[in-house]
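Let me begin by presenting the structure, written as structure tokens, before commenting on it.
The values are calculated or read from the model by the stated rules, or taken from the named source; none is laboratory data. Because the structure is predicted, anything quoted here is derived from the model rather than measured. Here Cβ is always computed from backbone atoms with ideal geometry, including for glycine, and neighbour counts include all displayed protein chains. Surface areas here come from the heavy atoms of the whole protein model, side chains and all, with no ligands, DNA or RNA. Shrake-Rupley method; radii C 1.70, N 1.55, O 1.52, S 1.80 Å.
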Amino acid sequence: MADILQAKPAPPAATLDYHRLVDVENGWIDRRIFWDEGIYQLELERIFARCWVFVGHESQFAAPGDFVTTYIGQDAVIAAKDRQGAINVFLNSCSHRGNRVCFAEAGNTRRFTCNFHGWAFGLDGGLLGVHEEEQYSACATFDKSKLGLHRARVGIYKGLVFATFDAEAPSLDEYLGDYRYYLDVLLDNDASGTEFIEGNVKSRLGCNWKFAAENFVGDAYHAGWTHASAAAAIFKKDVKVNIERSYQANVNGHGTEFGLDLIGNAMGLAEPEVVEYLKENEARFAERLGKLRSRMVGAMSSSNVFPNLAYLTGFNTWRTWTPKGPHEIELHTWVLVNKDMPERLKEAYRRGVSRTFSPTGMFESDDGENWEHCTRSNAGVVTRRQKLHYGLGMDSRMEHEEFPGAVHRVQLNDANQRAFYRRWADLMSAASWADVSDRSGATR
Amino acid sequence: MSVNAVEQAVAAPRRASLQLVHDVQQLLYREARLLDEQRYDDWFELMEDDFRLWIPVPQSRYRRDGQGIYEPRRMAHFDDSLSELKLRASRWKETTAWSEDPPTRHVHYVTNIEVEPAEAAAEWLVHSVVISLRNRNEDEENWLGGRREDVIRETAAGLKLAGRKVFVTQSVLMAKNFNTFL
Ligand code: FES
Ligand SMILES: [Fe+2]
């Protein structure tokens, strides 16, 4: 009896062999990684508190005092622009008793004042003052310079603002590495730069965050089947992937699957002006990006920046999969446009994304259903023992004269998903950044 | 200004008759049933050609903030013309709309109906509250409530919907999708 009560706890998640749970050499994945609470807690430590995580777009911080609240993993953070013009990211939890400091999702302010006892923090997270401060005059441990909100490192790449809580993390440029070549397809096809359309759409899905991320990093395969009804309604025909001229590419877990069809995704918006814009500007894109990349600007494609920032060329939606537990995410959806696009075109993107890739959207409503049930089925203990197959396109690796990273033939491929999970396993196994392998162009 | 006010009714001397209030009520109830029964083509018959549906995504902002909870420039759940709504609904008719088969079970509950004069002579500004209950598969359940502002027009063919705004209260939609109209 006593034995039963003192049954040995499961081994701590840190001692699991993640390169066995995720067997990328043979293309099998253990379902526990989508279900287990211990593994999830370690993800918060070793993925989200360690990687560069997307927190916003520079256009959301036009004036000093502009702020947004968001999450890095499950850590609530504030991102705010100070009077010097720097964007700061710090914990949204008071250093006094831990109360949430800011409850608005966006706005403009001079300071963040805690509701509980009135401690006030500046736009850089520093403690400015406290209520009845004279009472603290004899308090030896009360040092305002040490009681600010814990800050993250901030990095910006062509408008995208990222933050990390890991002092040892490589620089953002190094973290993105050669993947910047692919990011530039949307971030740098126009001299005016980019901006987010105001606001976003927020929704909750009962799925593990990795099912969403792997879907965007490389699951072109699902599109023709899952989204058959949307394709039939919008295109009046099936969508076929070009086998000759389509690819997957990945760099350190970031990945994109893409064709070179210029307008394949954009057609899905059902906004003819967007397609016209892409066709008319192809030569202009080519001046900045070169001929090949200019063909990607609105092409059939999906992408995910490790760990949880995804986007679609053509639709121009950017989104984050923020974990809310092992079996839940919050999805935030934005629309990115070039600053100098005519207003009418920005409107077309804004309304087109709502109609396609938002919770009301014709494409997205089918995705959520799949991801939720891929997750929920793992409640079954026997179910959880059955490994999942990720073996498509094992021998598809190729060298390409222009495309950087690990490049694979044909969009219909599990290569990017395997690369995503290998990066995940590398990070889950590593005690620090120094132990994380370089996967910037590794085979398979 | 009250926190949720988006548009104040224009005070005009007209008053809705009991008969009109009754007819408006019946229109909204019939409409709710058509949505429950997923009879979208019949639902679209209740709209004027210039009908627009706007369902903004609310933002949680401080009262002192210059911007409101609902703003037209922002991303919206719906900001569609009638033909765009028809395009959305056309997907549900495809046999390949997997996430609609087996179908979602819907209840649209409409209440708090008020009929006020609108600016145009043949139009009425109708306030109501709508609550959508959806159940699907074994145990999935989603509630979504919103305050509606409709423009209802008197036409030769009877009362028609000429425009609708729905101010939902969830800023984070607590569901994987929003596969109905409100
Ligand atoms: S918890 Fe913030 S002031 Fe006390
Ligand atoms: Fe999808």
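Summary table below
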read-out	value
Longest to shortest principal axis, alpha-carbon extents of the protein assembly as shown, angstrom	77, 74, 70
Most mobile listed residue (A:157, A:247, A:179) in chain A, GNM with C-alpha springs under 10 Å	A:157
All Cα pairs of the range A:271-353, percent lying beyond 21 Å	37 percent
The range A:1-129 - convex hull of the alpha-carbon atoms, volume per residue in Å³	175 Å³
Estimated D of chain B in µm² per second, where Rh is the Kirkwood radius over Cα pairs and Stokes-Einstein applies at 10 °C, 1.306 mPa s	91 µm²/s
Compactness of the range A:179-435 as Cα Rg over 2.2 N^0.38 Å, two decimals	0.98
Protection proxy ranking, peptides A:338-346, B:141-149, average beta carbon neighbours within 10 Å, highest first	B:141-149, A:338-346
For the range A:318-444, average projected area of the Cα convex hull in nm²	11.8 nm²
Peptide-level mean, for A:329-341, of C-beta atoms on other protein chains within 10 Å	1
Cα centroid separation - the range A:285-354 against the range A:80-124, whole Å	29 Å
Entries of A:202/B:86; A:81/A:144; A:210/A:279; A:202/A:339 with Cα pairs more than 28 Å apart	A:210/A:279
Within the accessible area of the protein assembly as shown (1.4 Å probe), percent carbon and sulfur	50 percent
The range A:179-435 - accessible surface per residue (Å², probe 1.4 Å)	32 Å²
Computed FRET value (nearest 0.05) for residue A:147 with residue A:45, which takes r as the C-beta separation and R₀ as 22 Å	0.35
Extension gain from residue A:84 to residue A:435, taking 0.36 nm per residue of separation minus the Cα-Cα distance	122.7 nm
Peptide ranges A:28-36, B:118-126, B:168-176 listed from the most packed, as the mean C-beta count within 10 angstrom indicates	A:28-36, B:168-176, B:118-126
Top of B:70, B:62, B:29 by mean-square fluctuation, Gaussian network on chain B, Cα under 10 Å	B:62
Gaussian network model of chain A, springs between alpha carbon atoms under 10 Å - residue of A:163, A:266, A:434 with greatest fluctuation	A:434
Placed amide H near residue B:77: partners under 5 Å, 5+ positions off or other chain	B:55, B:57
Accessible surface buried once A binds B (1.4 Å probe; total of both sides; Å²)	3800 Å²
For the range A:53-156, alpha-carbon Rg over 2.2 N^0.38 Å	1.06
Shielding score for A:203-211, defined as the mean number of other chain Cβ atoms within 10 Å	3
Sorted largest first, extent of the range B:56-159 alpha carbons per principal axis (Å)	47, 44, 26
Hull volume in cubic angstrom per residue (convex hull over the Cα atoms of the range A:145-218)	197 Å³
Whole-Å distance, taken between Cα centres, linking the range A:220-241 and the range B:85-158	27 Å
